[in-house]
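The structure appears right after this line, and notes come after that.
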Amino acid sequence: MAKPPLSMKPTGWFQVAWSSEIDAGEVHRMTYFGREMVAWRGESGRLTVMDAYCEHLGAHLGYGGHVEGDVIQCPFHGWQWSHEGRNVCIPYQDRPNRGRRIHTYPVVERNESAYIWHDVEGRDPFFDVPDVFASFDDGRSADDYYPQVTMYRAGLELHPQYVLENGVDFAHFKFVHNTPIVPVFTRHDFAEPVSYVDFTITFEGEEGQSIEDVRSGVEAINGGLGVAVTKSWGMVDNRTISAITPVDDRTSDVRFMVYIGRNPGDDSPKAQDRARAFAQDVIDQFLADVHIWSHQRYSDPPALTSAENQGFTAIRKWATQFYPEDELQKGVTA
Ligand code: FES
Ligand SMILES: [Fe+2]
């Protein structure tokens, strides 16, 4: 295990919770990017994520703060703060404090997840969170799939970039995922903050089979470093979301979600059992990667074969756009 040498304060969208963890009227505590935060849902259903400390005298809103309508009220002296982090009421003064503001984060809820936009330079979002259905634009939706099966591992010593490097790492599949043959990448598009990786892969058959005969694969869309969605074809119909969120300078929370396609007209208990078993298989494959990532020491510069060189160079160059300028200049990610 080793502290990641890459910045743990990257820019982008990062999952901080599942939507169902924060009901209307609830306040949820969390730590991401080394900051204490609260997420709270107003009675209208709107989700807010903000820094945890009250701008008055610094009470932590996650310890006794409560939602009143669509504002959060501090437990210490009752000051109320809005979705924008503005003070809207001081109970013992006739006007609020218009100057002080609690830092809030842009929030998107999608695919039953809550994502925040994190950028140390305070810029507005410059790309969108991928949607595990809509982003593939094939007319399929959550209705065509069983409910998502989730996996969560908190505080692992790994960096979001490790996960995405899987998308260029053809050589690990045989060893980590026991594929019979080495997959072939058919698309590497790292031109924009949202990048695309497609590959032909099979988990079945003989070692001797030819990749030309394989009729199955995976398409992946990476929304920056924090969120990746995948769609499979030619195998058990599944979609996945992986979401890695830095907690502090050493560790990240890992969330993974799998959807298994329904067989039209067959919702029997047996079909559901099968779907659950397939979902577990997909989770187990991801956990096999997590086992490596959470103990690896990031190698930079790495010792690559010439076949590996192009993909790794492309993804590592792409990743630099998400790191704060000053850390790049210091050479932290060089
Ligand atoms: S510390 Fe929050 S109202 Fe005083
Ligand atoms: Fe992998």
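The values are calculated or read from the model by the stated rules, or taken from the named source; none is laboratory data. Note that the coordinates shown come from a computational prediction; the quantities given were computed from them, not determined experimentally. Heads up, the Cβs are rebuilt from the backbone with ideal geometry, glycines too, and the neighbour counts pull from every protein chain shown.
Miscellaneous remarks
- Of all residues making up region 38-62, the number that are within 11 Å of ligand 1 (Cβ to nearest atom) and in contact with a Pro (Cβ under 9 Å, 6 or more places away or on another chain): 4
- Any hit, region 130-141, residues being touching a Gly at 6+ places or on another chain (Cβ under 7 Å), modelled with pLDDT of 95 or more and assigned to a loop (DSSP other than H, G, I, E, B): yes
- Filter result for residue 163 (over 23 Å from residue 15 (Cβ atoms), away from ligand 1 (no atom under 16 Å from the Cβ) and of a type in the set (A, V, I, L, M, F, W, C)): no
- Qualifying residues in region 158-178 (those that are more than 10 Å from ligand 2 (Cβ to nearest atom) and in a loop (DSSP other than H, G, I, E, B)) - the one modelled with the lowest pLDDT: 178
- Cβ-Cβ contacts under 6 Å between residues 6 or more apart (or on different chains), taken from a first residue in region 259-283 that is on the phi < 0 side of the Ramachandran plot to a second residue that is of a type in the set (S, T, N, Q), are listed as 259/148; 260/238; 271/263; 282/238.
- Qualifying position, being in contact with a Lys or Arg (Cβ under 8 Å, 6 or more places away or on another chain) and in a helix (DSSP H, G or I), among 288, 314, 275: 275
- Selected residue (only one of 77, 83, 56, 60 is exposed (fewer than 14 other Cβ atoms within 10 Å of the Cβ) and farther than 29 Å from residue 259 by Cα): 77
- Residue list for region 32-53, restricted to those being polar (S, T, N, Q) and surrounded by fewer than 16 Cβ atoms within 10 Å (Cβ to Cβ): 44
- For region 135-184, a tally of residues being loosely packed, with under 14 Cβ neighbours inside 10 Å and within 25 Å of residue 237 (Cβ to Cβ) returns 9.
- Test result for residue 288, touching a His at 6+ places or on another chain (Cβ under 8 Å), away from ligand 1 (no atom under 16 Å from the Cβ), at pLDDT 95 or above and not β-branched (Val, Ile, Thr): yes
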